[in-house]
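Take a look at the structure set out below.
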Protein chains: 2
Amino acid sequence: MSDLRERLVAAVGAAHVLDGTDDAARDLAHDEALAVGHGTPAHVVRPGSTAEVAAIVTAARETHTPLVARGAGTGLSGGANAPDGAVVVAFDRMTAIRTIDTTDHVAVVEPGVSLEQLDAAAREHGLTYPVRPGEQSASLGGTVATNAGGMHAVRYGVTRTHVVGLEAVLADGSVVRTGGRLAKISAGYDVTQLLTGSEGTLALVTEVTVRLQPHLPVRRTVLAPFRDLATTTAAVARVVGSGLAPALCEYLDDPTMNAICTAADLTLGIPDDVRAAADAYLLVELVGRREDRVEEDLTELGTLLTQRGAVDVYALPDGSARRLVAAREQTFWTIKARGADEIVDVVVPRSALAEFLARARAAGERHGSRVLGCGHLGDGNAHLAVFQPDDEALHATLHEVLAAGTALGGAVSGEHGVGRAKAGALAELGDPGALAVMRRIRAALDPDGLLNPGAGPP
Amino acid sequence: MSDLRERLVAAVGAAHVLDGTDDAARDLAHDEALAVGHGTPAHVVRPGSTAEVAAIVTAARETHTPLVARGAGTGLSGGANAPDGAVVVAFDRMTAIRTIDTTDHVAVVEPGVSLEQLDAAAREHGLTYPVRPGEQSASLGGTVATNAGGMHAVRYGVTRTHVVGLEAVLADGSVVRTGGRLAKISAGYDVTQLLTGSEGTLALVTEVTVRLQPHLPVRRTVLAPFRDLATTTAAVARVVGSGLAPALCEYLDDPTMNAICTAADLTLGIPDDVRAAADAYLLVELVGRREDRVEEDLTELGTLLTQRGAVDVYALPDGSARRLVAAREQTFWTIKARGADEIVDVVVPRSALAEFLARARAAGERHGSRVLGCGHLGDGNAHLAVFQPDDEALHATLHEVLAAGTALGGAVSGEHGVGRAKAGALAELGDPGALAVMRRIRAALDPDGLLNPGAGPP
Ligand SMILES: Cc1cc2nc3c(=O)[nH]c(=O)nc-3n(C[C@H](O)[C@H](O)[C@H](O)COP(=O)(O)OP(=O)(O)OC[C@H]3O[C@@H](n4cnc5c(N)ncnc54)[C@H](O)[C@@H]3O)c2cc1C
Ligand SMILES: Cc1cc2nc3c(=O)[nH]c(=O)nc-3n(C[C@H](O)[C@H](O)[C@H](O)COP(=O)(O)OP(=O)(O)OC[C@H]3O[C@@H](n4cnc5c(N)ncnc54)[C@H](O)[C@@H]3O)c2cc1C
């Protein structure tokens with residue numbers, strides 16, 4: 001162990017090697033997952049360059065020490081939770097924005113750069129990085145590793161859609177460069193896409209190249225209560241199919257709507273009779289280059305939603321819209337504050353979302369758990385909070401909810417990743433053939449099993 | 001060998017096993033690549049189902065026979081060129097469109113379905129499959145295998161962007177199902193994306209699930225001559241950055257413009273002095289839901305191009321626009337008829353395209369080869385024709401052109417794939433680390449090397 005420490009100090013300098021029992025190290029040994037434990041790492045190291053990352057990996061390999069990458073620690077699946085004795089590689093010193101290129105429309109950044117920093121830098125050039133999970137402090141390395149989604153995915157796609165090039169250190173300490181500042185590529189297997197979403201189990205990402213999009217300055221938001229989620233889903237299919245290209249398409253159930261409005265001290269002025277009739281709220285944002293067109297589109301959207309069964313349609317004033325979207329982004333903190341015991345982000349075909357939620361609620365009822373939530377309706381991605389203090393009943397509920405999702409053609413995670421929270425569920429519920437492929441790939445690239453053991457695919 | 005034939009007959013029925021020396025089989029033993037040879041396969045088999053594909057793979061494995069998948073044979077890299085003694089698996093009987101789903105906005109199809117058939121089926125529901133390589137007879141299986149691009153990629157992305165689920169048979173005969181009718185997924189490695197672009201070297205694709213897009217009915221096209229390609233590229237960066245979201249952004253050099261207009265018997269009425277001044281033609285198409293907006297945007301586009309150095313800007317009447325785009329799609333046949341000896345589809349960062357073309361021309365001059373072409377300027381993807389009857393000089397030219405592309409941060413193929421034509425170049429010019437990863441993956445999934453040996457990554 002002291003040999004390990006010496007090697008790590010040689011790699012990154014003593015100032016950047018923390019002992020695992022340090023207070024500072026303790027904070028860096030886990031993410032925000034609610035129901036996943038973590039151990040005490042041997043060390044937390046903070047490399048400043050790719051060469052230092054490679055030296056860390058070599059030191060770990062030679063001492064048979066597991067490695068856990070850590071970005072901003074905002075993950076929700078325990079992917080950054082360190083087992084006892086592991087080395088945590090924290091990327092918070094690698095925060096350079098190397099390039100914002102206005103001809104290629106790409107950014108090249110170090111993995112510790114946050115979404116907020118990147119987007120701000122892009123905005124200076126009239127561009128944007130539109131990947132927007134609820135937490136803008138998330139790092140580029142972490143969002144690449146989990147293939148983060150978020151509200152804008154319905155229009156812009158998820159992280160995967162934007163990642164065009166990577167530099168990464170493999171388990172053998174070698175450095176690979178994949179893709180580039182390229183709009184597309186068809187030159188061998190897409191290693192960029194393989195590493196995206198691999199949660200630190202195949203490589204440590206040391207540089208990220210992502211596509212940027214033109215920033216569209218005009219945004220208008222509507223809120224539409226619906227009697228039930230099946231009607232809401234059908235309406236959303238028409239909105240997406242219309243070509244209106246909404247920038248977000250969220251649903252919230254009534255308790256979640258109440259909870260986030262209370263938490264944000266937000267009054268939307270919806271009449272009581274409408275509230276009483278509503279089982280689901282649909283939040284849609286339109287964006288565009290020009291005020292007049294977005295206004296026109298908003299009218300069209302309102303008509304479409306009314307025809308498709310909305311109880312009412314409210315065009316939100318800019319201030320309320322921003323606050324409501326922000327409150328929606330804070331849902332995790334809100335339900336955590338209210339004592340949620342675990343969250344679920346099952347994705348299903350959009351057409352199956354209402355059925356999935358019915359089954360999830362029924363599963364909750366069977367086990368005396370409360371199941372409520374919201375989600376990225378445009379993507380068929382539910383974010384459910386499960387309230388159940390009893391551990392056994394909690395796990396029984398979770399198991400039935402995840403199984404209901406996969407039975408409907410879905411997957412255990414739409415965007416949070418497998419991490420440690422869903423590794424068992426994936427192994428049980430995933431396609432056996434696809435799991436076998438994952439296993440072979442993992443063994444081929446990390447034969448000693450040192451990269452994030454216990455997280456990700458089996 | 002007769003044992004192999006018996007097994008294949010048992011798998012698919014005698015009517016669907018051709019002897020490799022049959023005339024019909026000969027036609028199925030290669031694609032459209034210009035400069036890649038092919039052998040005589042032992043047999044061509046035409047499975048009708050996934051189970052039959054699995055039985056073929058098992059028969060091949062047990063007899064150590066290489067397998068080459070074949071879609072429509074429109075590939076341009078020799079990926080479907082059969083080595084002597086191989087079994088060609090032709091997917092032309094698997095042409096069912098299983099689903100066009102108007103809630104999930106996906107299609108589920110068998111691999112032999114053509115782009116034309118899929119798009120026609122989607123159109124009946126107001127949707128479209130926007131992947132449009134020049135050749136609409138290409139199959140879904142083939143386009144997934146090469147990660148085909150085409151003109152619309154600048155707006156809609158390439159095949160990869162659209163593939164959300166696959167069923168495929170691995171080299172061991174097992175069937176895997178990946179992804180699904182899902183807008184996104186973050187549940188383990190993205191095997192869907194790994195198989196997309198793998199050119200039949202990791203698995204045979206037996207079912208494809210792709211995203212569909214709303215069909216936008218209005219389209220307007222402009223043609224703008226420019227004095228040089230660097231100015232054109234800079235202008236295109238502004239067009240893309242503006243949010244006008246063009247549906248195509250092509251450039252053509254003067255000889256290619258002349259050639260396709262002649263071949264299509266098309267007169268565009270561009271004055272001689274403009275032609276004399278023009279070194280590159282830019283073709284941009286705008287699409288939208290509404291006539292009035294697209295007209296307005298067209299005016300904005302015209303102004304922008306003029307400000308950015310266009311010699312002139314012509315809004316093309318609908319008929320001419322359609323014919324010019326069709327003629328552009330036929331470029332391959334045109335330059336083939338004129339005796340082109342090989343083509344190149346190097347992709348580079350958009351900002352490097354002009355420099356790449358200058359270097360490519362210089363390489364041509366050094367070896368007495370003629371190098372001309374057109375390309376997907378929005379994507380930084382050049383389609384060059386090389387005229388050089390002497391084999392040695394041809395290969396020297398090609399090598400320098402591909403090396404120039406990779407030296408500028410590009411790759412040997414933007415969309416046609418590696419196939420057999422560029423396997424050597426990729427092995428030489430690709431990132432050694434990324435190539436090592438590809439090699440390990442290929443060995444892990446096809447340890448006996450039976451899937452398309454000689455094609456794709458090393
Ligand atoms: C309030 C809140 C709301 C959220 N909303 C959403 C949402 O809507 N959509 C969504 O997708 N997510 C959401 N998240 C989850 C979270 O923001 C994402 O998972 C994000 O991608 C994590 O980034 P991070 O930098 O914090 O990564 P971490 O939590 O530090 O790590 C996440 C995973 O990535 C790995 N990793 C980190 N850096 C690297 C690297 N450089 N190389 C290799 N592996 C690495 C880790 O090992 C771990 O497995 C939310 C989180 C919070 C707290
Ligand atoms: C006139 C013309 C213009 C073109 N323009 C473009 C263009 O602009 N952009 C572009 O990207 N391409 C273009 N192409 C190339 C071609 O259309 C694409 O490469 C297409 O993807 C090939 O599809 P296919 O069905 O013909 O495949 P094939 O040629 O039959 O095979 C292509 C590759 O895919 C593999 N394969 C086929 N089916 C399967 C399967 N089911 N499972 C696994 N592997 C399989 C084969 O082994 C081979 O490696 C053009 C071709 C022509 C003739």
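The values are calculated or read from the model by the stated rules, or taken from the named source; none is laboratory data. The shown structure was predicted, so the numbers you read here are calculated from the model rather than taken from an experiment. Don't worry about glycine lacking a Cβ; one is built from the backbone with ideal geometry, like all the others, and counts go over all protein chains shown. Areas reflect the complete protein model, heavy atoms only, side chains present, ligands, DNA and RNA absent. Shrake-Rupley method; radii C 1.70, N 1.55, O 1.52, S 1.80 Å.
A dipole drawn for the range A:50-113 from +1 and -1 charges on Cβ atoms has a positive end, and of A:Ala54, A:Leu76, A:Phe91 the residue lying farthest that way is A:Leu76.
Evaluated with a Cβ-only charge set (Lys, Arg +1; Asp, Glu -1), the protein assembly as shown carries a dipole of roughly 340 debye about its Cα centre, given to the nearest 20.
Residues whose amide H comes within less than 5 Å of that of B:Val113, counting only those at least five positions distant or on another chain, are B:Leu140, B:Gly141 (H built at 1.01 Å from N in the peptide plane).
For the residues of A:421-431, the average number of beta carbons from a partner chain within 10 Å of their own beta carbon is 2.
Coupling constants for the range A:193-201 follow from the phi torsions by the Karplus curve (6.51 cos²θ - 1.76 cosθ + 1.60, θ = phi - 60°), and in residue order they are 6, 5, 6, 5, x, 8, 6, x, 9 Hz; glycine and proline get x.
When you restrict to C-alpha pairs under 8 Å that are six or more residues apart and normalise by the size of the range B:218-331, the relative contact order lands at 50 percent.
Taken one residue at a time, the phi angles of the range A:297-305 give Karplus couplings (6.51, -1.76, 1.60, θ = phi - 60°) of 5, 4, 4, 4, 4, x, 4, 4, 5 Hz. Gly and Pro are set to x. For the peptide B:196-203, the mean number of other protein chain Cβ atoms found within 10 angstrom of a residue's Cβ is 3. Cβ-Cβ distance of A:Arg238 and A:Ile97, R₀ of 35 Å, FRET efficiency by 1/(1 + (r/R0)^6): the value works out to about 0.30. Computed on protein heavy atoms with a 1.4 Å probe, the accessible areas place B:His162, B:His64 in the order B:His64, B:His162, largest first.
According to the Cα-based calculation, Rg over Rh for the range B:97-214 is 0.94, with Rh computed by the Kirkwood formula. Of all DSSP beta bridges located in the protein assembly as shown, what percent are antiparallel, nearest 5? Around 85 percent of the beta bridges assigned by DSSP in the protein assembly as shown are antiparallel ones.
Projected over all directions and averaged, the alpha-carbon convex hull of chain B occupies 21.4 nm². Placing +1 on the Cβ of each Lys and Arg and -1 on the Cβ of each Asp and Glu in the protein assembly as shown, which of A:Leu195, B:Pro271, A:Thr63 has its Cα farthest towards the positive end of the resulting dipole? Highest projection toward the positive end goes to B:Pro271. Of all DSSP bridge pairs formed entirely within the range A:1-135, close to 50 percent run antiparallel.
For the range A:218-331, a simple Cβ point-charge model (Lys and Arg +1, Asp and Glu -1, everything else neutral) yields a dipole of about 300 debye relative to the Cα centre.
Taken about its Cα centre, chain B carries a charge dipole of roughly 860 debye when the Cβ of each Lys and Arg holds +1 and the Cβ of each Asp and Glu holds -1. Taken over the protein assembly as shown, lysine pairs spaced eight or more positions apart, or on distinct chains, with alpha carbons under 28 Å apart number 7. For the range A:55-67, backbone phi angles converted through the Karplus equation (6.51, -1.76, 1.60; θ = phi - 60°) give residue-by-residue couplings of 5, 5, 4, 5, 4, 5, 4, 5, 10, 6, 9, x, 10 Hz, Gly and Pro being listed as x. In the protein assembly as shown, a dipole from Cβ-located charges (positive for Lys and Arg, negative for Asp and Glu) runs towards its positive end, and of B:Val12, A:Thr334, A:Gly173 it is A:Thr334 whose Cα lies farthest in that direction.
Protection proxy ranking for B:403-410, A:145-152, using the average of other Cβ atoms within 10 Å per residue and placing the highest first: A:145-152, B:403-410.
Database remark: amide H of B:Glu415 closer than 5 angstrom to the amide H of A:Ser186 (H placed geometrically; neighbours at sequence offset of 5 or more, or on other chains; Pro and chain starts carry no H). Only beta bridges with both residues in chain B are counted; by DSSP, about 85 percent of them are antiparallel. Calculated mean residue ellipticity at 222 nm for the protein assembly as shown: -11000 deg cm²/dmol, from DSSP H runs with n ≥ 4 weighted as -39500 (n - 2.57), summed, divided by the residue count and rounded to 500.
Annotation: Cα Rg of the protein assembly as shown relative to the compact-globule expectation 2.2 N^0.38 Å equals 0.93.
Kirkwood analysis of the range B:51-156, using all unique Cα-Cα pairs, places the hydrodynamic radius at 15.0 Å.
Spin-label model, B:Ala14/B:Ala51: points 7 Å from Cα along the beta carbon direction are separated by 2.2 nm. Only Cα pairs under 8 Å and 6+ residues apart enter the sum, and on that basis the relative contact order of chain B stands at 16 percent.
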